[in-house]
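K.L.:
Below is one structure. I have some questions about it.
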Amino acid sequence: MQFTVAIDGPAAAGKGTISRALAAHFGFAHLDTGLLYRAVGRRTLDGVPAVIAASTLRISDLSRTDLRTQEVAQAASEVAANPQVRAALVAFQKDFARREGGAVLDGRDIGTVICPEAEAKLFVTASAEIRAHRRWLELTQAGHDADEAQVLADVKARDARDAGRADAPMKQAPDAILLDTSDMSIDAALETALAHVRDRKERHA
Ligand code: CDP
Ligand code: CDP
């Protein structure tokens, strides 16, 4: 059985939290596609040219422990605007999306470019202030020294770059459900996402 759930949206909207829960619930595989761009961005900070980093990326690069910093997020968003970088990462994502047994992918262009045929699509968002607060809490709890105003500025800069680029910009697919989690608990957001995917699965069966 092939069944793809595409989850897109801006930074710290809750894509990963929702994707992991959906994957666990339905027994689907999960790919956080942001990690691909973060791993490429991380290597550019080490001096490797972006296109080389993307075309030689290995699965083991995705488990590096230093991919969650704000510095790497910005570097990821810069390399992500390069069409050659994106092209080098497409085949892996498309194969993952159509694997047997079902898959959840989260990112910016899953429902629009990587898997326009996805059986279920969600565009998850929240206000920039709320997303920055969530990301700041995460960073602080992980022991990083983060300034909330700086995190907000970084999130806004990244959103603008991701939505404004010419190649595969972040945008809601016409057939995606919009899930604004600004005033929603994680449980409420999960329940809405679960209900949507369950509905699509029943129609698909
Ligand atoms: O994957 P993405 O960057 O979109 O977001 P995430 O890593 O799933 O969520 C970012 C942070 O927001 C996490 O610490 C979540 O626990 C939190 N969150 C929340 O407080 N309320 C939600 N409705 C969703 C996520
Ligand atoms: O976790 P968060 O939402 O903050 O970011 P991420 O999903 O890890 O993505 C990091 C960066 O990678 C984004 O700001 C985008 O520039 C880029 N990205 C992309 O262009 N396309 C994707 N499918 C996923 C991420």
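The values are calculated or read from the model by the stated rules, or taken from the named source; none is laboratory data. Bear in mind that the values here come from a model prediction, so they are computed numbers and not experimental data. Cβ placement follows ideal geometry from the backbone for every residue including glycine, while neighbour counts extend to all protein chains displayed. With ligands, DNA and RNA removed, areas are computed over all heavy atoms of the protein, side chains included. Shrake-Rupley method; radii C 1.70, N 1.55, O 1.52, S 1.80 Å.
K.L.:
Looking for whichever is on the phi > 0 side of the Ramachandran plot and either basic (Lys, Arg) or more than 14 Å from ligand 2 (Cβ to nearest atom) (or both) here; the options are GLY14, GLY9, GLY27. Which one fits?
P.N.:
It is GLY27.
K.L.:
Output yes when any residue across the range 92-103 is away from ligand 2 (no atom under 13 Å from the Cβ) and crowded, with 17+ Cβ neighbours inside 10 Å, and no when none is.
P.N.:
yes
K.L.:
Of the residues ALA132, ALA126, which single one is in contact (Cβ under 8 Å) with a residue 40 or more places away in the chain and either closer than 24 Å to THR65 by Cα or among the β-branched types (Val, Ile, Thr) (or both)?
P.N.:
ALA132
K.L.:
I'm told LYS94 meets every condition in (1) under 30 Å from GLU202 (Cβ atoms); (2) touching a residue at least 40 places away in the same chain (Cβ under 8 Å) except one. Can you identify the failing condition by its number?
P.N.:
Checking LYS94 against (1) under 30 Å from GLU202 (Cβ atoms); (2) touching a residue at least 40 places away in the same chain (Cβ under 8 Å), the one that fails is (2).
K.L.:
Quick one: what pairs do we get from the range 153-181, first residue of a type in the set (S, T, N, Q), second open to solvent by 60 Å² or more (accessible area, probe 1.4 Å), C-beta under 8 Å, 6+ apart or different chains?
P.N.:
Qualifying pairs under 8 Å: GLN172/LEU178.
K.L.:
Next up: Could you count how many residues in the range 30-52 are under 14 Å from VAL90 (Cα atoms) and of a type in the set (A, V, I, L, M, F, W, C)? Please lay out each step first, then the result.
P.N.:
Our first condition is that a residue be under 14 Å from VAL90 (Cα atoms); within the range 30-52, this holds for 31-37, 40, 51.
Imposing the further condition that a residue be of a type in the set (A, V, I, L, M, F, W, C) reduces the set to 31, 35-36, 40, 51.
Qualifying residue count, the range 30-52: 5.
K.L.:
Another question, if that's okay. Going through the range 63-90 one residue at a time, which ones are modelled with pLDDT of 95 or more and of a type in the set (Lys, Arg)?
P.N.:
ARG86
K.L.:
Could you check the range 114-142 and list, in sequence order, the residues that are open to solvent by less than 30 Å² (accessible area, probe 1.4 Å), assigned to a loop (DSSP other than H, G, I, E, B) and more than 13 Å from ligand 1 (Cβ to nearest atom)?
P.N.:
CYS115, ALA118
To keep it simple, each residue is scored yes or no on (1) within 13 Å of ligand 2 (Cβ to nearest atom); (2) more than 16 Å from the chain's Cα centre (by Cα).
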site: GLN84; (1), (2): no, yes
site: ALA87; (1), (2): yes, yes
site: ASP109; (1), (2): yes, no
site: VAL124; (1), (2): yes, no
site: GLU129; (1), (2): no, yes
site: ARG134; (1), (2): yes, no
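K.L.:
Among ILE110, ILE114, which is touching an Asp or Glu at 6+ places or on another chain (Cβ under 6 Å) and under 23 Å from ALA13 (Cα atoms)?
P.N.:
ILE110
K.L.:
Now for a separate question. How many residues does the range 160-176 contain that are within 15 Å of ligand 1 (Cβ to nearest atom) and open to solvent by 60 Å² or more (accessible area, probe 1.4 Å)?
P.N.:
Matching residues across the range 160-176 total 1.
K.L.:
Then there is this: Can you tell me which residues in the range 162-193 are assigned to a helix (DSSP H, G or I) and farther than 15 Å from GLY9 by Cβ?
P.N.:
Matches in the range 162-193: GLY164, ASP187, ALA188, GLU191.
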